[in-house]
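First up is the structure itself, then whatever we jot down about it.
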């Protein structure tokens with residue numbers, strides 16, 4: 001049996017059926033500049049995300065207004081009489097060197113649920129007593145010795161210092177202890193203290 005090659009007209013029909021021409025008579029396969037229709041479509045679709053990414057990066061480097069996001073300050077929302085202390089030097093400066101006002105200190109940890117729950121109540125107390133210095137001391141690896149040296153038994157925990165008597169109160173500072181904490185502060189601010197005169201002199 002002899003092989004007979006297909007007629008050119010048949011080949012052209014198959015070609016035109018697979019790659020139809022557009023209205024201008026240009027073959028769609030030729031418009032892909034040597035690429036298959038799938039490869040051409042993929043390359044076009046893959047360019048858009050990269051261009052938008054490059055644009056975002058360029059805007060970020062150049063500092064366009066759209067790329068600049070406002071950063072919240074660390075003391076945002078805190079009363080003006082609240083100080084954050086993270087080391088022994090600052091603790092001595094803010095707490096130890098205070099000679100005129102009562103100082104209330106809260107020892108806490110960022111991972112402690114009870115500490116997070118009592119934080120708003122602590123700040124509300126600071127608003128209620130504007131003449132008292134309130135101090136937040138977060139627990140960290142750098143200041144673990146500070147908490148141990150001050151005898152912090154648990155978290156959250158509170159110290160209250162009087163300018164004439166030094167450390168006068170130590171108590172837990174969970175939500176249940178907030179009324180007691182506020183009552184002690186109120187008594188100290190009004191001039192009442194549970195210390196004896198001999199202890200005040202010592």
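The numbers here are math on the coordinates, done by the rules we state, and not lab data. As the structure is a computational prediction, the values presented were derived from the model and not from experiment. Using ideal geometry, Cβ is built from the backbone for each residue, glycine included, and neighbour counts are taken over all protein chains shown.
With both labels modelled 7 Å from their Cα along Cα-to-Cβ, the residue 148 to residue 170 distance reads 1.6 nm. Extending 7 Å from Cα along the Cβ direction at residue 78 and again at residue 98 yields two label points whose distance is 1.3 nm. Counted by neighbouring Cβ atoms within 10 Å, the residues 113, 175 run from fewest to most as 113, 175.
The simple spin-label model puts a point 7 Å past each Cα toward its Cβ; for residue 117 and residue 182 those points are separated by 1.7 nm.
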